[in-house]
Amino acid sequence: AGETVRIFIGNGGPNLISSFHVIGEIFDRVYTEGGEVFNKNVQTTLIPSGGSTYVEFKLDVPGSYVLVDHSIFRAFNKGTLGILKVTGSENKGIYSGKIADETYTPASSNMLSDKVNINNVSVKAKGKVDQIESGRQIYKNTCMACHQANGEGIPSAFPPLAKSDFLNADKNRAIKAIVNGLSGKITVNGKEYDSAMPAWELNDNEVADVLTFVYSSWGNSGKVVTSEDVKSLRK
């Protein structure tokens, strides 16, 4: 804290611009397209495909500053996140401290929940194979933005589900995480995560199906979760 940071950043493209931003900071200077001319006090700067820029900003307080592409769906679906960890003395006059954590929920997830949970009705899967296929679709629409298509998650942000010791150790805990949400520090495969997952508006069958899919994927234990398992824990 108190130091000035300069970040050089390039956008390899080949076709997409980048909307570069550091959550929790305003750039004191932005050298447009990496040239000599700079703008002052900029929040987000566009980097053209195949182009670059560099930015400077003074760090006033300690914390974890998130580097993102503010084309936000890209940030969550493709993992374009970075963490700048800053240590130093607190300054409550500038930042009073963390109040709450809320996980970004993509619009498609909410739309899915509204669509499939009308009157809490969905077709109950008949067997494990059917559950896996049903759960695969639910995962794509509800979970993949954070935990990624391969279940590897996003380092320092969202924990992996692939070969997850945390997941495989306790089926009931996994059910509760979806039904009630999960926040606070957890350790997954030897690495600590401190984020928040909201409670998802999925009915008993859907929770069972998506967890059965996850348990049957990416080297996990192959457990089967039933709607009865979920129903008993809701009580």
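Scanning segment 211-235 for residues that are open to solvent by 30 Å² or more (accessible area, probe 1.4 Å) and on the phi < 0 side of the Ramachandran plot returns 216, 221, 223, 224, 226, 228, 229, 231, 232, 233, 234, 235. Among the criteria (1) buried (at least 17 other Cβ atoms within 10 Å of the Cβ); (2) within 18 Å of the chain's Cα centre (by Cα); (3) at pLDDT below 65, the one residue 101 does not fulfil is (1). Annotation: residue 191 fulfils all but one of (1) loosely packed, with under 15 Cβ neighbours inside 10 Å; (2) touching a Leu at 6+ places or on another chain (Cβ under 8 Å); the unmet one is (2). Total residues in segment 117-142 satisfying the condition of being at pLDDT below 90 and surrounded by 20 or more Cβ atoms within 10 Å (Cβ to Cβ): the figure is 2.
Scanning segment 172-187 for residues that are crowded, with 17+ Cβ neighbours inside 10 Å and closer than 20 Å to residue 219 by Cβ turns up 174, 177. Name the pairs whose Cβ atoms lie under 6 Å apart, with the first residue in segment 44-57 and more than 11 Å from residue 34 (Cα to Cα), the second charged (D, E, K, R) and assigned to a strand (DSSP E or B), and 6 or more positions between them or separate chains? Close Cβ pairs satisfying both conditions: 56/6; 56/28; 56/29; 57/28. Remark: pairs (first residue in segment 219-235, without any contact (Cβ under 8 Å) to a residue 40 or more places away in the chain; second residue surrounded by 16 or more Cβ atoms within 10 Å (Cβ to Cβ); Cβ separation under 7 Å; 6+ apart in sequence or on different chains) = 222/215; 222/216; 226/208; 231/204.
If the requirement is being open to solvent by less than 40 Å² (accessible area, probe 1.4 Å) and of a type in the set (Gly, Ala, Ser), which of these qualifies: 208, 169, 149, 199?
Numbers: 169 fails: open to solvent by less than 40 Å² (accessible area, probe 1.4 Å); 149 fails: open to solvent by less than 40 Å² (accessible area, probe 1.4 Å); 199 fails: open to solvent by less than 40 Å² (accessible area, probe 1.4 Å).
Answer to the check: 208.
Pull up segment 7-60, narrow it to residues that are open to solvent by less than 40 Å² (accessible area, probe 1.4 Å) and among the aromatic types (Phe, Trp, Tyr), then point me to the one that is farthest from residue 88 (Cα to Cα). First the steps, then the outcome.
Taking segment 7-60 first, the residues open to solvent by less than 40 Å² (accessible area, probe 1.4 Å) are 7, 11, 13, 18-22, 25, 27, 30-31, 34-35, 42, 45, 47, 51, 53, 55-57, 59.
Still in the running and among the aromatic types (Phe, Trp, Tyr): 20, 27, 31, 57.
Numbers: 20: 25, 27: 20, 31: 27, 57: 16 Å.
Among those that are open to solvent by less than 40 Å² (accessible area, probe 1.4 Å) and among the aromatic types (Phe, Trp, Tyr), it is 31.
Answer with yes or no whether residue 154 is buried (at least 16 other Cβ atoms within 10 Å of the Cβ), among the aliphatic types (A, V, I, L, M), modelled with pLDDT under 95 and farther than 26 Å from residue 85 by Cα. Taking the combined requirement at face value, the residue does not satisfy it.
The values are calculated or read from the model by the stated rules, or taken from the named source; none is laboratory data. Note that this is a predicted model, so its numbers are computed, not measured. Cβ atoms come from the backbone with ideal geometry, glycine included; neighbour counts cover every protein chain shown. What goes into the accessible areas is simple: the full protein's heavy atoms, side chains included, and nothing from ligands, DNA or RNA. Shrake-Rupley method; radii C 1.70, N 1.55, O 1.52, S 1.80 Å.
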